[in-house]
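Peer 1: Below you will find the structure I want to go over with you.
The values are calculated or read from the model by the stated rules, or taken from the named source; none is laboratory data. Computed from a prediction, not measured in an experiment: that's the story for all the values here. So basically every Cβ, Gly included, is an ideal-geometry build from the backbone, and we count neighbours across all protein chains shown. The protein model used for the area step is the full one, side chains on, heavy atoms only, and it has no ligands, DNA or RNA in it. Shrake-Rupley method; radii C 1.70, N 1.55, O 1.52, S 1.80 Å.
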Amino acid sequence: MYAERVDGLKSSAIREILKITSRPEVISFAGGLPAAELFPVKEIETAARNVFSRYGYLALQYSITEGFVPLREKIVKTLAAATERPGIGNILITQGSQQGLDLLSKLYIDRGTVVFTENPSYLGALQSFSIFEADVVPIASDQDGMRIDALLEGLRRRRPSLVYLMPSFQNPTGACLSMERRRRLIEIVKEHDLVVIEDDPYGELVFEGERSPSLFELGGMRNFIHLNSFSKTIAPGLRVAYVAADEEIIRKLTLIKQGTDLQTNTLGQFLVEEYLESNNYREHIRILRRTYKHRRDCMLSSMEKHFPESLKWNRPAGGMFLWVELPGEWDAREILQRCLERNVAFVPGQEFFPDGSGKNTMRLNFSNASPDHIEEGIRRVGEVLKTHGNYL
Ligand SMILES: Cc1ncc(COP(=O)(O)O)c(C=O)c1O
């Protein structure tokens, strides 16, 4: 009855966990949610008034598929560091970066198309690739991002039509591709003339040091397609994001988007443009950085206090996630069940590994809970972890 490609689809465990965590008594480290109390509600309210007084009914009318021109002009300015100067013909506004992934999957993936990803990788991307029946090849990754030796080894065996990675503070581990690896990766990509999707929603959320230049900026448009989003820096409910790429790719994605949803919602684009025009966006980002850094530090110090010493975890220099490794024989899904009984949640890491490994890992989100909740939630998870040996 249904198309074959739907056979292998399974519901994302995260969406399932989020159903439970919507109960107010649950402290959730599960979702990838930004801190809602930092959404610029007043500023967006004012932006809405300005948009309607300036544009009237146009703010509610159909508009062009490529996206609102003044918004694309602003985005182009943020990409000024790129080696080739992009213009608005290099930008397509999408309904979230998730749509960028969907459109790119439609553009590049047939059944069996080889896609290299980090291992672990973003679940939403893996879902998108799997709908189009890609052959996903995981490339070993560590705290400095995708491993160059593993990439070279992968290239000796297969030729990917796409390489997908999140160079800065990736979801789920928070790992950041080092500058040395960025440079080396660009060399390899150029040598093999590969197409890379760089998904970069967390690059601005840097707590230590400077934001690293994107692969798109460093490596250019011939090989790199850049996805970015206002979901993590303004608000995800607006559903405004963009693809920056070579003009030919943007033209093809625009045709595909016409068959998908005609255009990104007009009002959302007008609101984002007006917000960027009339507010200090850079200052807003500084506030997000400070707040998330503080929450990361609260989580780290609570973990020091409450987690058993046999566990390992990282100290991400940005983003929204912390990554924990449990002793090899432990299963994070069993731990989650016991945590849910104590009204605290996280995501078992196995979900994110295309090769099915990572049973003993967990992803903890630190952006969405207050410092008090972080301390209490980590204490509860710690209680479960300390006694887990007795349950094996
Ligand atoms: C790596 C990555 N890419 C894309 C997205 C999708 O973001 P949006 O569609 O809200 O722009 C997310 C959301 O969590 C993400 O973590």
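Peer 1: Scan LEU227, LEU238, LEU215 and give me the residue that is open to solvent by less than 10 Å² (accessible area, probe 1.4 Å) and within 10 Å of the ligand (Cβ to nearest atom). Break it down into steps so the answer makes sense when it comes.
Peer 2: Numbers: LEU238 fails: open to solvent by less than 10 Å² (accessible area, probe 1.4 Å); LEU215 fails: within 10 Å of the ligand (Cβ to nearest atom).
That would be LEU227, the only listed residue that is open to solvent by less than 10 Å² (accessible area, probe 1.4 Å) and within 10 Å of the ligand (Cβ to nearest atom).
Peer 1: Okay, moving on. When you scan the range 188-196, do you find a residue that is of a type in the set (A, V, I, L, M), in contact (Cβ under 8 Å) with a residue 40 or more places away in the chain and more than 16 Å from the ligand (Cβ to nearest atom), even just one?
Peer 2: Let us first name the residues in the range 188-196 that are of a type in the set (A, V, I, L, M), namely 188-189, 194-196.
Next, only the ones that are in contact (Cβ under 8 Å) with a residue 40 or more places away in the chain stay: 188, 195.
Imposing the further condition that a residue be more than 16 Å from the ligand (Cβ to nearest atom) reduces the set to 188, 195.
Within the range 188-196, one or more residues are of a type in the set (A, V, I, L, M), in contact (Cβ under 8 Å) with a residue 40 or more places away in the chain and more than 16 Å from the ligand (Cβ to nearest atom).
Peer 1: From the list GLU187, GLU204, which one is closer than 23 Å to GLY87 by Cβ, open to solvent by 10 Å² or more (accessible area, probe 1.4 Å) and modelled with pLDDT of 95 or more? Spell out the reasoning first.
Peer 2: Working: GLU187 fails: closer than 23 Å to GLY87 by Cβ.
Exactly one of GLU187, GLU204 is closer than 23 Å to GLY87 by Cβ, open to solvent by 10 Å² or more (accessible area, probe 1.4 Å) and modelled with pLDDT of 95 or more, namely GLU204.
Peer 1: Here is a follow-up. Within the range 113-134, can you find the residues that are near the ligand (Cβ under 10 Å from one of its atoms) and of a type in the set (Phe, Trp, Tyr)? Please lay out each step first, then the result.
Peer 2: First pass over the range 113-134, keeping only residues near the ligand (Cβ under 10 Å from one of its atoms): 121-125, 128.
TYR122, the sole residue that qualifies.
Peer 1: Another question, then. Which of the strands (runs of 3 or more DSSP E) found entirely inside the range 24-142 contain at least 1 residues meeting this: charged (D, E, K, R)? Working first, answer last.
Peer 2: Working: elements: 91-94, 114-119, 135-142.
The strands (runs of 3 or more DSSP E) meeting that bar are 114-119, 135-142.
Peer 1: If a residue must be among the aliphatic types (A, V, I, L, M), free of Cβ contacts under 8 Å to residues at least 60 places away in the same chain and over 11 Å from LEU385 (Cα atoms), how many such residues does the range 308-333 contain?
Peer 2: 1
Peer 1: Considering ALA13, ALA3, which residue is of a type in the set (A, V, I, L, M, F, W, C) and either surrounded by 14 or more Cβ atoms within 10 Å (Cβ to Cβ) or modelled with pLDDT of 90 or more (or both)?
Peer 2: Values: ALA3 fails: either surrounded by 14 or more Cβ atoms within 10 Å (Cβ to Cβ) or modelled with pLDDT of 90 or more (or both).
Result of the check over ALA13, ALA3: ALA13.
Peer 1: How about the range 143-154: which of its residues are open to solvent by 30 Å² or more (accessible area, probe 1.4 Å), in a helix (DSSP H, G or I) and under 11 Å from ARG181 (Cβ atoms)? Explain how you work it out, then say what you get.
Peer 2: Initial filter on the range 143-154 (open to solvent by 30 Å² or more (accessible area, probe 1.4 Å)): 143-144, 147, 149, 152-153.
Then drop every residue that is not in a helix (DSSP H, G or I), which leaves 149, 152-153.
The one that is open to solvent by 30 Å² or more (accessible area, probe 1.4 Å), in a helix (DSSP H, G or I) and under 11 Å from ARG181 (Cβ atoms): ASP149.
Peer 1: Which residue is most open to solvent (accessible area, probe 1.4 Å), if the candidates are limited to the range 155-169 and must be closer than 26 Å to ASP110 by Cα and part of a loop (DSSP other than H, G, I, E, B)? Before you say what the answer is, go through the steps one by one.
Peer 2: Looking only at the range 155-169, we keep the residues that are closer than 26 Å to ASP110 by Cα, and these are 155-167.
Adding the requirement that they be part of a loop (DSSP other than H, G, I, E, B) leaves 158-161, 166-167.
Numbers: ARG158: 92, ARG159: 146, PRO160: 5, SER161: 52, MET166: 5, PRO167: 2 Å².
Per the criteria, the residue is ARG159.
Peer 1: Let me ask you something else. Looking at SER105, is it touching a Phe, Trp or Tyr at 6+ places or on another chain (Cβ under 7 Å), under 30 Å from ILE64 (Cα atoms) and surrounded by fewer than 19 Cβ atoms within 10 Å (Cβ to Cβ)?
Peer 2: So SER105 does not fit the description; no.
Peer 1: May I ask you to list the residues in the range 1-22 that are part of a loop (DSSP other than H, G, I, E, B) and touching a residue at least 24 places away in the same chain (Cβ under 8 Å)? If you could, list the steps in order and put the result at the bottom.
Peer 2: Kept after step one, since they are part of a loop (DSSP other than H, G, I, E, B), are these residues of the range 1-22: 1-3, 7-12, 22.
Matches in the range 1-22: GLY8, LEU9, SER12.
Peer 1: So which residues in the range 335-349 are without any contact (Cβ under 8 Å) to a residue 60 or more places away in the chain, under 13 Å from ILE17 (Cβ atoms) and open to solvent by 10 Å² or more (accessible area, probe 1.4 Å)?
Peer 2: Across the range 335-349, the qualifying residue is only GLN337.
Peer 1: Against the definition (crowded, with 17+ Cβ neighbours inside 10 Å and either closer than 17 Å to SER310 by Cα or free of Cβ contacts under 8 Å to residues at least 40 places away in the same chain (or both)), how does GLY358 come out, yes or no?
Peer 2: Details: crowded, with 17+ Cβ neighbours inside 10 Å: yes; either closer than 17 Å to SER310 by Cα or free of Cβ contacts under 8 Å to residues at least 40 places away in the same chain (or both): yes.
Criteria met by GLY358.
Peer 1: Right, here's the next one. If the requirement is being within 23 Å of LEU205 (Cβ to Cβ), modelled with pLDDT of 95 or more and out of contact with any Cys (no Cβ under 6 Å at 6 or more places or on another chain), which of these qualifies: VAL76, VAL51?
Peer 2: Working: VAL51 fails: within 23 Å of LEU205 (Cβ to Cβ).
Going through VAL76, VAL51 in turn, just one is within 23 Å of LEU205 (Cβ to Cβ), modelled with pLDDT of 95 or more and out of contact with any Cys (no Cβ under 6 Å at 6 or more places or on another chain): VAL76.
Peer 1: For the range 135-142, does any single residue satisfy the condition of being touching a residue at least 24 places away in the same chain (Cβ under 8 Å), farther than 26 Å from VAL6 by Cβ, more than 16 Å from the ligand (Cβ to nearest atom) and open to solvent by 10 Å² or more (accessible area, probe 1.4 Å)?
Peer 2: Among the residues of the range 135-142, at least one is touching a residue at least 24 places away in the same chain (Cβ under 8 Å), farther than 26 Å from VAL6 by Cβ, more than 16 Å from the ligand (Cβ to nearest atom) and open to solvent by 10 Å² or more (accessible area, probe 1.4 Å), which makes the answer yes.
Peer 1: Something else now. Could you list, in sequence order, all residues of the range 262-310 that are assigned to a helix (DSSP H, G or I), open to solvent by 30 Å² or more (accessible area, probe 1.4 Å) and among the hydroxyl-bearing types (Ser, Thr, Tyr)?
Peer 2: SER278, TYR281, THR291, SER301
Peer 1: Return the residues of the range 170-182 that are under 16 Å from ALA150 (Cα atoms) and either among the acidic types (Asp, Glu) or part of a helix (DSSP H, G or I) (or both); say none if nothing qualifies.
Peer 2: If the condition is that a residue be under 16 Å from ALA150 (Cα atoms) and either among the acidic types (Asp, Glu) or part of a helix (DSSP H, G or I) (or both), then GLU180, ARG181, ARG182 are the ones that fit.
Peer 1: Whether any residue in the range 56-68 is of a type outside the set (D, E, K, R) and within 15 Å of the ligand (Cβ to nearest atom) is what I want to check.
Peer 2: If we filter the range 56-68 for residues that are of a type outside the set (D, E, K, R), which is where we start, we get 56-65, 67-68.
If we keep only those that are within 15 Å of the ligand (Cβ to nearest atom) too, we end up with 67.
Yes: one or more hits.
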